[in-house]
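The structure appears right after this line, and notes come after that.
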Amino acid sequence: MRLVVATLLVLSATPVTAAPAAPLPAPAAAPSPDPPIELSLAKSLLPGYDACGDVECLIERAYKPDRKAKQLALALWADHGDIAGVGPEEIMDGGYRGQIHLVPQLPVGGYRRHLAWVAEATGSIDRFFTDVFANQAAPSYRWQGLAFRFVRSIKKRTPSAYATSWTIEYNVEGSLLTSAAGVRETLFHELFHTNDEAHGDWSAKHLQADYDAIVATCGKAPAVKCLTPYAPNNTMVRGGTYYAFQQNNGNAVHEYAAELAVRYFKEQSAMLAAGKLARAAFKCGPAENARAWKALVDEFFAGRDLVPAC
């Protein structure tokens, strides 16, 4: 488990007499490695090559028609233990989106850019965790050893992605997946969902009361203006509201929590890169924000918050 960012060290130009520097804290014990993806699961992601006895063979054969995509897929496996394969054909109940027809789509040829964006995103997330938690207690969070199932939606551009049990379904026609930045943010959002699941549906148990109170405050058809102070992120539903507050989307507190995790990613990255935020910290908004922020940071990120107190 790992990730990146730059820290600024400011030194005083005035000579001082000081006591010997205190020793640096010992590095946190390395977290247990993520369980490797079993060959049987790998074969379901890259079907048709039952003679293969290892994951590298599966990748080599499945991606043989596209050398560049093959190199990306092999590196993803070697560096992060992630497998890029395909999802099944299915008719998905998309809630407010309606019924969605998804078909398998290996990220090769014209879709190779999606595999490149996933590789960039996983590397960025890895470096993020490395930098935020350098010499700190390891977070109770998993971000490697993931199964990516690439699919293509027919006549729709939703959903962009969804996740369960360390598996991320990635729609190459998804409306949010049109740039490296969009993919990075979407994957961090989906990554939270599967960690939330592993923590026993934590968000529904700990954020539901405040979430319901926010929705009740803003009414049955809440205005965007009313929800804005409470929205962790700026992702919007086309013609609708903040994605964190979109109804008919399962238990919407899950999306609120995942967007809150994205806000954590953005704010910690900004602190590492610039030492300050470009806008007010989420926790410094309404009281509901502060409670949700502290609860999420303590549960998933070992209480580590580089943003100064309000």
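The values are calculated or read from the model by the stated rules, or taken from the named source; none is laboratory data. It should be emphasised that the depicted structure is a prediction, and the values quoted were computed from it without experimental measurement. Note that each Cβ is placed from the backbone with ideal geometry, even for glycine, and that neighbours are counted across all protein chains shown. Calculation scope for accessible area: heavy atoms of the full protein, side chains included, ligands and nucleic acids excluded. Shrake-Rupley method; radii C 1.70, N 1.55, O 1.52, S 1.80 Å.
Count of the stretch 282-310 residues, restricted to those that are out of contact with any His (no Cβ under 9 Å at 6 or more places or on another chain), within 20 Å of residue 205 (Cα to Cα), open to solvent by less than 30 Å² (accessible area, probe 1.4 Å) and not polar (S, T, N, Q), is 3. A count restricted to the stretch 67-115 and to residues that are without any contact (Cβ under 8 Å) to a residue 60 or more places away in the chain and small (Gly, Ala, Ser) stands at 7. Selection of first residues in the stretch 33-54 that are more than 18 Å from residue 104 (Cα to Cα) and of second residues that are outside any loop (DSSP other than H, G, I, E, B) and open to solvent by less than 80 Å² (accessible area, probe 1.4 Å), restricted to Cβ pairs under 6 Å at least 6 apart or on distinct chains, gives the following pairs, ordered by first then second residue: 37/83; 52/58.
Report, by residue number, each residue of the stretch 210-249 that is open to solvent by 50 Å² or more (accessible area, probe 1.4 Å) and either within 15 Å of residue 189 (Cβ to Cβ) or in a helix (DSSP H, G or I) (or both). 212, 216, 217, 224, 225, 228, 229, 234, 236, listed by residue number.
Number of residues in the stretch 250-300 that are in contact with a Gly (Cβ under 7 Å, 6 or more places away or on another chain) and at positive phi equals 1.
Being open to solvent by less than 10 Å² (accessible area, probe 1.4 Å), touching a residue at least 12 places away in the same chain (Cβ under 8 Å) and at negative phi is the requirement here; does residue 153 meet it? Taking the combined requirement at face value, the residue satisfies it.
Just give me the residues in the stretch 109-132 being farther than 30 Å from residue 306 by Cβ and buried (at least 21 other Cβ atoms within 10 Å of the Cβ), in sequence order.
Matches in the stretch 109-132: 114, 115.
Pick from the stretch 23-59 the residues that are acidic (Asp, Glu) and open to solvent by less than 80 Å² (accessible area, probe 1.4 Å): which of them is modelled with the lowest pLDDT?
The qualifying residue modelled with the lowest pLDDT is 34.
Of all residues in the stretch 62-90, those that are touching a Leu at 6+ places or on another chain (Cβ under 8 Å), at pLDDT 95 or above and either open to solvent by 70 Å² or more (accessible area, probe 1.4 Å) or acidic (Asp, Glu) (or both) total 2.
Residues are listed down the side, and each one gets a yes or a no for (1) at pLDDT 95 or above; (2) closer than 30 Å to residue 301 by Cβ:
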| position | (1), (2) |
| --- | --- |
| 116 | yes, yes |
| 123 | yes, yes |
| 126 | yes, yes |
| 129 | yes, yes |
| 145 | yes, yes |
| 154 | yes, no |
| 159 | no, yes |
| 170 | yes, yes |
| 173 | yes, no |
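May I ask you to say which residue of 190, 197 is touching a helix residue (DSSP H, G or I) at 6+ places or on another chain (Cβ under 8 Å), of a type in the set (Asp, Glu) and within 20 Å of residue 253 (Cα to Cα)?
190
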